[in-house]
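Worksheet for the structure shown next.
Read-outs: derived from the displayed coordinates by stated rules, not from any lab. Because the structure is predicted, anything quoted here is derived from the model rather than measured. Glycine gets a Cβ as well: all are built from the backbone with ideal geometry, and neighbour counts include every protein chain shown.
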Amino acid sequence: MNPKELEELSDEELLAAWKTAKSMKGYDAVIFGVLIGIAIYSVVKNGFGLLTFLPLIYLPVAGRNNKKFRELDNLLKGRELK
């Protein structure tokens, strides 16, 4: 969502979006941890290869999710809902 779209949400919709974004932050951490584990296992077993750099591919996705969470958090603080 764009920041303009977020500002148009009602307070209840904004809180629901924040809860969803908060859970996605946890999912991102778990997924990134699993990818790091796969990369380490791949390096130990086969040396450097494609799976070694797999976590780097997921970083932009996690970054976008983190940016959305920060925007929602700032908007909630601005509306004094948090």
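Which ³J(HN,Hα) values, rounded to whole Hz and listed in residue order, are derived for region 57-64 from phi using the Karplus coefficients 6.51, -1.76 and 1.60 in 6.51 cos²θ - 1.76 cosθ + 1.60 with θ = phi - 60°, glycine and proline given as x?
6, 7, 4, x, 5, 5, x, 5
Determine the shape class of region 11-78: with a ≥ b ≥ c the square roots of the Cα gyration tensor eigenvalues, call it rounded for a/c under 1.5, and otherwise prolate if a/b is greater than b/c, oblate otherwise.
prolate
Let me have the relative contact order for region 11-78, percent, based on Cα pairs under 8 Å that are six or more residues apart.
Across region 11-78, relative contact order equals 44 percent.
Compute, for the chain, the length of the dipole vector about the Cα centre, with Cβ point charges of +1 (Lys, Arg) and -1 (Asp, Glu) only. Units Debye, rounded to 20.
With only Lys, Arg, Asp and Glu charged at Cβ, the dipole is about 400 debye.
Say the dipole of the chain comes from +1 at the beta carbon of Lys and Arg and -1 at that of Asp and Glu; which of ILE31, GLY78, ALA16 then lies farthest toward its positive end?
My answer, from the dipole projection, is ILE31.
So what is the calculated 222 nm ellipticity per residue for the chain, using -39500 (n - 2.57) for each DSSP H run with n of 4 or more, over all residues, to the nearest 500 deg cm²/dmol?
My calculation for the chain gives -28000 deg cm²/dmol from helical runs alone.
I want to check a number: in the chain, how many lysine pairs have alpha carbons closer than 17 Å, given a sequence separation of 8 or more or different chains?
16
May I ask you to evaluate 6.51 cos²θ - 1.76 cosθ + 1.60, the Karplus curve with θ = phi - 60°, for each residue of region 12-23 and list the ³J(HN,Hα) values in order in whole Hz, giving x for glycine and proline?
5, 5, 5, 5, 5, 5, 5, 5, 5, 5, 5, 5
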